[in-house]
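Quick one: structure below, then a few questions.
The values are calculated or read from the model by the stated rules, or taken from the named source; none is laboratory data. Predicted model, so just to flag it, every value in this text is computed and none were measured. Ideal geometry is used to build each Cβ from the backbone, glycine not excepted, and the neighbour counts take in all protein chains shown.
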Amino acid sequence: MTNFKEIKANTYEDMSNEAATIIFDALKESKQFSLGLATGSTPEGMYDALAKKINEANLDLSELTTFNLDEYVGLDESNDQSYHYFMEKHFFSKLDIPQENVHILDGVAEDLQKEVEDYEALIDEVGIDIQVLGIGRNGHIAFNEPGTDFNSLTHKVQLTDETIEDNSRFFESIEDVPTEAVSMGLQTIMKAKTIILLISGDNKKNARDLFISGEITEDIPVSILHNHDNVILITDSAARGE
Ligand code: GLP
């Protein structure tokens with residue numbers, strides 16, 4: 001199946017600019033916009049480029065809403081490994097988005113079940129116009145690991161050893177990496193009108209191969225995107241093995 005569009009960028013910087021341009025153009029078109037955001041090293045360059053474009057154009061973000069994909073369980077926003085912290089550092093601190101419009105799952109909520117249900121309900125109410133995604137080496141998106149139900153909504157997840165190991169590079173030791181997270185589900189992600197999937201680097205070549213093989217299976221979480229009509233895959237040459 002090839003119902004997605006692939007933008008074949010050259011460098012990481014090119015990939016980041018392609019993504020930033022698509023989002024910037026959409027934000028220019030419509031002041032009232034809902035943006036789904038991802039963490040990880042892959043979208044960092046996109047955040048830099050997008051913040052720069054927005055500030056140069058003096059774009060009004062007063063009606064922008066954002067929803068992040070996921071958060072570790074047990075890390076609060078002051079923890080420099082939390083996704084709250086990441087987003088503040090790489091994006092929100094550079095922009096003027098009303099605090100009340102910024103939504104990130106609370107990994108230290110007392111009642112995590114209520115937290116995930118409320119989050120899903122808010123996404124249903126507001127909608128997501130563009131959702132940005134990175135990808136794990138095993139084809140996971142957000143924190144939906146292989147085997148996750150395609151019908152999953154926002155939920156608490158158990159991280160795989162591979163993901164814990166991959167993400168341990170950001171922590172002092174592997175023991176510090178949380179083993180659980182809260183994450184939009186695969187069905188939640190599919191609710192977005194447009195999805196931008198970023199794949200960068202030679203260590204993600206396998207993940208790109210898994211996706212473009214076209215096989216649709218819960219063993220490859222990203223493969224659900226073949227059932228979505230509006231997916232833009234943006235890769236750099238390393239991810240394509242070129
Ligand atoms: C984490 C995040 C994902 C992200 C993945 C890859 O598992 N939950 O949303 O796509 O890491 O991150 P990186 O871009 O750093 O390789």
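Please determine, by comparing only the residues of the range 112-145 that are small (Gly, Ala, Ser) and within 16 Å of the ligand (Cβ to nearest atom), which one is surrounded by the most Cβ atoms within 10 Å (Cβ to Cβ).
ALA142
Could you tell me which residue of the range 21-45 is surrounded by the fewest Cβ atoms within 10 Å (Cβ to Cβ), considering only residues that are within 16 Å of the ligand (Cβ to nearest atom) and of a type in the set (Gly, Ala, Ser)?
Checking each candidate, the answer is SER41.
Of the residues THR148, THR179, which is surrounded by fewer than 17 Cβ atoms within 10 Å (Cβ to Cβ), within 15 Å of the ligand (Cβ to nearest atom) and more than 24 Å from ALA19 (Cβ to Cβ)?
Selected residue: THR179, the only one of THR148, THR179 that is surrounded by fewer than 17 Cβ atoms within 10 Å (Cβ to Cβ), within 15 Å of the ligand (Cβ to nearest atom) and more than 24 Å from ALA19 (Cβ to Cβ).
Looking at (1) among the charged types (D, E, K, R); (2) within 29 Å of LYS53 (Cα to Cα); (3) within 16 Å of the ligand (Cβ to nearest atom); (4) buried (at least 16 other Cβ atoms within 10 Å of the Cβ), can you tell me which one ASP80 breaks?
Failing condition for ASP80: (4).
Moving on. Checking LYS89 against (1) within 17 Å of the chain's Cα centre (by Cα); (2) surrounded by 14 or more Cβ atoms within 10 Å (Cβ to Cβ); (3) at pLDDT 95 or above, which test does it fail?
Of (1) within 17 Å of the chain's Cα centre (by Cα); (2) surrounded by 14 or more Cβ atoms within 10 Å (Cβ to Cβ); (3) at pLDDT 95 or above, only one is false for LYS89: (2).
Specify which of the listed residues (LEU122, LEU133, LEU95) is hydrophobic (A, V, I, L, M, F, W, C) and in contact (Cβ under 8 Å) with a residue 60 or more places away in the chain.
Residue meeting the stated conditions: LEU133.
Tell me, yes or no, whether the range 60-67 has at least one residue that is within 16 Å of the ligand (Cβ to nearest atom), under 30 Å from LEU210 (Cβ atoms) and either buried (at least 20 other Cβ atoms within 10 Å of the Cβ) or not charged (D, E, K, R) (or both).
There is at least one residue in the range 60-67 that is within 16 Å of the ligand (Cβ to nearest atom), under 30 Å from LEU210 (Cβ atoms) and either buried (at least 20 other Cβ atoms within 10 Å of the Cβ) or not charged (D, E, K, R) (or both).
Exactly one of these conditions fails for GLU218: (1) within 16 Å of the ligand (Cβ to nearest atom); (2) touching a residue at least 40 places away in the same chain (Cβ under 8 Å); (3) in a loop (DSSP other than H, G, I, E, B); (4) on the phi < 0 side of the Ramachandran plot. Give me its number.
Unmet for GLU218, out of (1) within 16 Å of the ligand (Cβ to nearest atom); (2) touching a residue at least 40 places away in the same chain (Cβ under 8 Å); (3) in a loop (DSSP other than H, G, I, E, B); (4) on the phi < 0 side of the Ramachandran plot: (1).
Given the condition surrounded by fewer than 17 Cβ atoms within 10 Å (Cβ to Cβ), more than 28 Å from SER30 (Cα to Cα) and among the charged types (D, E, K, R), answer yes or no: does some residue in the range 191-201 qualify?
The answer is no; no qualifying residue exists.
Have a look at PHE171, PHE211 and point out the one that is at pLDDT below 95 and within 13 Å of the ligand (Cβ to nearest atom).
PHE171
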